[in-house]
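Engineer: Take a look at this one; I'll ask things after.
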Amino acid sequence: MQTIIRTVFAYGLALAAIFCFWYGVGLPRPIPEPELTADHTLQCVSYAPFEKDQSPFDFAKGMTITPARIDADLAILSQRFSCIRTYSVAGLEALPEYAEKYGMQVLLGAWVTVDQKITEQELHKVVELARRYPASVRAVVVGNEALLRREVTGAQLAGYIRQVKDALPGVEVTYADVWEFWLKHPEVAQATDFVMIHILPYWEDNPVGIDQAMAHIKKIREKIGEKIPGKEIVIGETGWPSQGRMREGALPSLENQARFIRGFIALAEQEHWQYNLIEAFDQPWKRIKEGAVGGYWGLYSPERADKHVLAGPVSNFPNWRMLFAQSAAIALLTLLIARRHSSMGAARWLQFSTAMAGGAILIVLQGHQFSIISINTFEYLWAFFVLSLSAGVYLLALQAIASGATPRHLSLDASMDFLRDFLRGKSHLSPEAVGGILRLGVVTCALIAVLGLVLDARYRSFNNSAFAIPALAYAWFSRSQRDQTGQGMLEHLSALALTAGAVAILINETPLNWQADIWVIICLLLAWPLWRESRTISLRPLLPFALLVLGAFAAFAALRQGIFISERLVGVCADTPDKSVCLVRAMIGRLMYNQVFAWTSLILAVLAVWRNSVWLCSLALVASLAGLAFYNVNLASLAFVLAGLTLVHRKNR
């Protein structure tokens with residue numbers, strides 16, 4: 001009877017703690033609203049018609065935007081806005097007509113790109129629509145951030161603007177870009193009727209936190225007015241993401257999005273600014289290029305549901321009840337462990353219930369994050385493996401607490417040998433082997449994540465909740481594993497790589513980014529047991545391969561900087577695309593776009609693992625470095641770590 005009471009009490013305490021957590025983070029909070037009259041309409045908002053599974057790339061596959069879609073969207077937006085901004089005329093030929101229907105004006109955009117044929121088609125169509133619908137077309141915006149993308153020169157852009165102005169006398173024509181690029185290209189401002197700047201505090205090179213965002217916008221708006229006198233200044237894009245990774249002190253969240261938008265509207269009305277908010281509806285397709293954060297700038301969801309950004313209380317976890325139910329279900333599943341150790345004392349029951357509740361919350365938090373950030377096959381597979389490893393270590397830790405026996409595990413080298421034999425049917429699972437496989441998986445995934453966060457951090461999220469469980473568990477396990485034997489270079493090198501990555505991430509992200517700070521702590525917690533077990537092991541046999549990696553990466557990085565992203569070559573290759581260096585630049589672009597570097601390195605890495613071959617590992621490392629240098633980071637980092645671990649394992653034998 002006492003055992004039943006203790007079990008009920010422990011699980012009741014854990015479920016109460018889980019409920020309190022989700023209730024606390026999910027409770028809607030009031031956000032101050034701008035003082036506007038009931039009939040006051042806001043100015044402009046960026047509009048793209050795409051639904052959840054659509055993107056502008058689908059036009060090449062025959063997709064069309066139905067007039068009914070545009071009609072329904074403008075019926076929603078016209079209730080709050082008097083104007084919409086578009087970025088292209090593709091698929092939106094009917095938009096000006098429906099804007100007239102709802103009494104809205106349009107900042108009609110023409111997409112300008114490196115492809116002159118597409119650009120000319122856009123310019124021709126935007127002129128045609130502006131002539132056909134003079135009542136609704138307020139202005140024409142020739143190009144959006146084309147200078148930022150290095151796709152055209154300032155002189156080319158100015159020429160396109162004058163071309164449209166000559167074709168549309170009486171219609172105002174401008175260009176839109178991040179504010180710095182107006183200062184870098186004064187010839188563009190001279191060609192426009194007014195200046196349309198983008199001020200996005202989250203995306204600044206030095207990100208601005210939500211508390212300083214309004215002061216930053218005001219400062220930049222005044223600076224542009226001083227630097228470009230005599231031109232009307234319109235804020236063409238400003239906003240804040242509701243989901244995504246933190247950048248220094250800038251944290252995406254639903255609450256912060258509401259704080260920003262409401263604060264900006266109040267400031268803009270006070271200062272009598274012209275503005276356009278980004279954006280009307282969340283655009284999931286942007287996550288492909290910009291990471292999770294790219295898909296969550298909308299005032300409405302892709303399903304056109306109001307996110308309550310403009311009015312009303314806001315919750316960062318509006319679905320907290322479902323998340324509580326998931327955490328509670330995970331916690332209750334651990335009864336299978338508790339039943340086998342029902343004689344635990346009060347202190348151990350308290351430890352068990354604390355770990356059980358904390359782990360259940362962390363796993364659901366990570367699952368929630370993965371549901372937000374995952375968009376392609378690689379990301380879904382990554383989510384599956386990371387969550388599986390986290391859940392496996394969670395159960396292992398609970399079993400250790402309940403039994404009072406610290407689990408043992410194979411070394412990383414022994415785990416790789418076991419996996420190779422197991423796949424060939426020569427070995428059988430044992431508790432020690434399971435522990436070793438879990439640890440090998442955690443270390444491998446942590447190294448892949450660190451590599452991505454060091455070399456391509458801008459759009460990459462921190463998977464803190466999943467990795468916190470094994471980091472804490474292995475640090476705890478290591479306290480009583482002083483007799484671990486058979487450790488080698490894999491442990492030593494992994495510890496050094498995790499530590500070096502943690503330092504690099506801390507420097508790059510700055511301590512203002514608490515998400516990064518947590519990740520740094522996780523890396524150090526994972527590295528400490530590995531280092532303690534292998535600190536006497538020499539890495540001298542790996543020196544030739546280290547020099548190969550450093551030399552190859554330096555060469556690829558120089559090629560990237562000197563040719564692929566060289567601003568000097570933008571104008572040169574626009575005028576003489578057949579020049580040798582321009583052909584090389586175009587070829588690199590095609591290889592990068594088609595993920596050739598990544599797939600080549602991954603195939604070589606798989607062959608290296610299968611053959612356990614040093615020379616194949618070396619080839620895979622070099623190929624993966626090309627992928628890392630040329631932005632094929634997801635698959636290339638996987639290939640690099642697989643090849644690297646196999647190489648070290650091979651040299652350790």
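Engineer: Can you name the residue in the stretch 573-622 that is touching a helix residue (DSSP H, G or I) at 6+ places or on another chain (Cβ under 7 Å) and polar (S, T, N, Q) and, of all such residues, is surrounded by the fewest Cβ atoms within 10 Å (Cβ to Cβ)?
Structural biologist: Per the stated criteria, the residue is Thr576.
Engineer: Can you say whether Ala546 is among the hydrophobic types (A, V, I, L, M, F, W, C), assigned to a helix (DSSP H, G or I) and either touching a strand residue (DSSP E or B) at 6+ places or on another chain (Cβ under 6 Å) or surrounded by 14 or more Cβ atoms within 10 Å (Cβ to Cβ) (or both), as far as the supplied structure shows? Talk me through it step by step, then tell me what you get.
Structural biologist: On the way: among the hydrophobic types (A, V, I, L, M, F, W, C): yes; assigned to a helix (DSSP H, G or I): yes; either touching a strand residue (DSSP E or B) at 6+ places or on another chain (Cβ under 6 Å) or surrounded by 14 or more Cβ atoms within 10 Å (Cβ to Cβ) (or both): no.
No.
Engineer: Right, Glu255: surrounded by fewer than 22 Cβ atoms within 10 Å (Cβ to Cβ) and over 30 Å from Leu472 (Cβ atoms) or not? Write out each step before concluding.
Structural biologist: On the way: surrounded by fewer than 22 Cβ atoms within 10 Å (Cβ to Cβ): yes; over 30 Å from Leu472 (Cβ atoms): no.
Taking the combined requirement at face value, the residue does not satisfy it.
Engineer: Further question on the same structure: Condition test on Thr499, is it out of contact with any His (no Cβ under 6 Å at 6 or more places or on another chain), of a type in the set (Val, Ile, Thr) and not in a helix (DSSP H, G or I)? If you could, list the steps in order and put the result at the bottom.
Structural biologist: Details: out of contact with any His (no Cβ under 6 Å at 6 or more places or on another chain): yes; of a type in the set (Val, Ile, Thr): yes; not in a helix (DSSP H, G or I): no.
Judged against the criteria, Thr499 is not a match.
Engineer: Since Ala14 meets every condition but one in (1) in contact with a helix residue (DSSP H, G or I) (Cβ under 6 Å, 6 or more places away or on another chain); (2) of a type outside the set (Asp, Glu); (3) part of a loop (DSSP other than H, G, I, E, B), which condition does it not meet?
Structural biologist: (3)
Engineer: Among the residues of the stretch 388-404, is any closer than 23 Å to Ser242 by Cβ and not basic (Lys, Arg)?
Structural biologist: The first filter runs over the stretch 388-404 and keeps only residues closer than 23 Å to Ser242 by Cβ, leaving none.
Within the stretch 388-404 (the criterion being closer than 23 Å to Ser242 by Cβ and not basic (Lys, Arg)), the answer is no, since none of the residues qualifies.
Engineer: For the stretch 169-181, give me each residue that is out of contact with any Ser or Thr (no Cβ under 8 Å at 6 or more places or on another chain) and closer than 18 Å to Val195 by Cβ. If you could, list the steps in order and put the result at the bottom.
Structural biologist: Here is the first cut: in the stretch 169-181, the residues out of contact with any Ser or Thr (no Cβ under 8 Å at 6 or more places or on another chain) are 169-172, 176-181.
Passing the criteria: Val171, Glu172, Ala176, Asp177, Val178, Trp179, Glu180, Phe181.
Engineer: I need the full set of residues from the stretch 272-303 which are part of a loop (DSSP other than H, G, I, E, B), under 12 Å from Ala48 (Cα atoms) and touching a residue at least 60 places away in the same chain (Cβ under 8 Å), in order please.
Structural biologist: Of everything in the stretch 272-303, those that are part of a loop (DSSP other than H, G, I, E, B), under 12 Å from Ala48 (Cα atoms) and touching a residue at least 60 places away in the same chain (Cβ under 8 Å) turn out to be Ile278, Glu279, Ala280, Gln283, Pro302.
Here's the yes/no breakdown for (1) farther than 18 Å from Leu642 by Cβ; (2) acidic (Asp, Glu); (3) loosely packed, with under 13 Cβ neighbours inside 10 Å:
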residue: Ala397; (1), (2), (3): yes, no, no
residue: Ala405; (1), (2), (3): yes, no, yes
residue: Met416; (1), (2), (3): no, no, no
residue: Leu419; (1), (2), (3): no, no, no
residue: Leu423; (1), (2), (3): no, no, yes
residue: Glu432; (1), (2), (3): yes, yes, no
residue: Gly436; (1), (2), (3): no, no, no
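Engineer: Do we have Ser461 as assigned to a helix (DSSP H, G or I) and not hydrophobic (A, V, I, L, M, F, W, C) here?
Structural biologist: Details: assigned to a helix (DSSP H, G or I): no; not hydrophobic (A, V, I, L, M, F, W, C): yes.
The answer is no for Ser461.
Engineer: Do we have Gly425 as in contact (Cβ under 8 Å) with a residue 40 or more places away in the chain, at positive phi and over 32 Å from the mean Cα position of the chain (by Cα) here? Step through it out loud before you land on a result.
Structural biologist: On the way: in contact (Cβ under 8 Å) with a residue 40 or more places away in the chain: no; at positive phi: yes; over 32 Å from the mean Cα position of the chain (by Cα): yes.
Spelling it out, it is not the case that Gly425 is in contact (Cβ under 8 Å) with a residue 40 or more places away in the chain, at positive phi and over 32 Å from the mean Cα position of the chain (by Cα).
Engineer: Using beta carbons and a limit of 6 Å, which pairs, at least six apart or on different chains, have the first residue in the stretch 391-405 and assigned by TED's automatic domain parsing to the domain that holds Gly345 and the second one among the hydroxyl-bearing types (Ser, Thr, Tyr) and surrounded by fewer than 22 Cβ atoms within 10 Å (Cβ to Cβ)?
Structural biologist: Cβ pairs passing all conditions: Ala400/Thr406.
Engineer: Additional query: Of all the strands (runs of 3 or more DSSP E) wholly in the stretch 26-110, which have at least 3 residues that are aliphatic (A, V, I, L, M) and either at pLDDT 95 or above or surrounded by 14 or more Cβ atoms within 10 Å (Cβ to Cβ) (or both)?
Structural biologist: Details: elements: 42-46, 81-85, 105-110.
Answer list for the stretch 26-110: 105-110.
Engineer: Has the stretch 569-586 got any residue that is part of a helix (DSSP H, G or I), free of Cβ contacts under 8 Å to residues at least 60 places away in the same chain and over 21 Å from Thr153 (Cβ atoms)? Spell out the reasoning first.
Structural biologist: Of the stretch 569-586, the ones part of a helix (DSSP H, G or I) are 569-575, 580-586.
With free of Cβ contacts under 8 Å to residues at least 60 places away in the same chain added as a condition, the list becomes 569, 572-573, 575, 580-586.
Imposing the further condition that a residue be over 21 Å from Thr153 (Cβ atoms) reduces the set to none.
No, the stretch 569-586 has no match at all.
The values are calculated or read from the model by the stated rules, or taken from the named source; none is laboratory data. This is a predicted model, so every value here is computed, not measured. As a convention, Cβ positions derive from the backbone with ideal geometry for all residues, glycine included, and neighbour counts pool all protein chains shown.
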